[in-house]
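Just so it is clear, none of the values below were taken in a lab; they were calculated from the coordinates. Owing to the predicted nature of the structure, the values given are computational and were not obtained by experimental measurement. Cβ: placed from backbone, ideal geometry, glycine included. Neighbour counts: every protein chain shown.
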Amino acid sequence: MKIETPSELKSFWEAHLVAWKETRLSQTAYCQKHQLQVHRFGYWKRKLIGAKKPSSKSKGFVHLNPINIHPTSNISAPSLAVQLPNELRIEGITSDNLELVKQLAGLLQ
């Protein structure tokens with residue numbers, strides 16, 4: 001399919017961004033699977049979704065305001081790990097910190 005107009009180009013990338021979010025693949029894996037250039041995918045993601053690059057001052061950290069944090073007990077409890085679509089991994093999830101993990105995951109998507 002040859003893309004002729006700016007609106008066709010925008011529609012092309014919008015469709016890929018929607019499809020990418022549904023697959024839960026990393027951007028790189030999705031682009032490889034669909035023979036897309038990763039840098040163009042990133043450009044259109046920023047342009048259409050408005051994803052912000054971290055400012056030079058932020059160092060990529062996110063400020064969190066945790067709610068209802070309870071100290072963990074000394075009893076060893078089973079924990080879980082979550083692999084996010086952007087390849088970040090959150091480990092040590094327990095019932096004690098589940099709400100905090102939900103907040104963090106929401107900020108990182």
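Here is how the numbers come out for the structure above:
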| quantity | calculated |
| --- | --- |
| Förster radius 30 Å - calculated FRET efficiency between Ala81 and Ala15 (Cβ-Cβ, nearest 0.05) | 0.40 |
| Cβ-derived FRET efficiency at R0 30 Å, Lys102 paired with Thr5, nearest 0.05 | 0.10 |
| Protection proxy ranking of 33-44, 9-20 - average other beta-carbon atoms within 10 Å, highest first | 9-20, 33-44 |
| Largest-first principal axis extents of the Cα set of region 6-49 (Å) | 26, 19, 16 |
| Stretchable slack from Lys33 to Arg46, in nm (0.36 nm times residue separation minus alpha-carbon distance) | 2.6 nm |
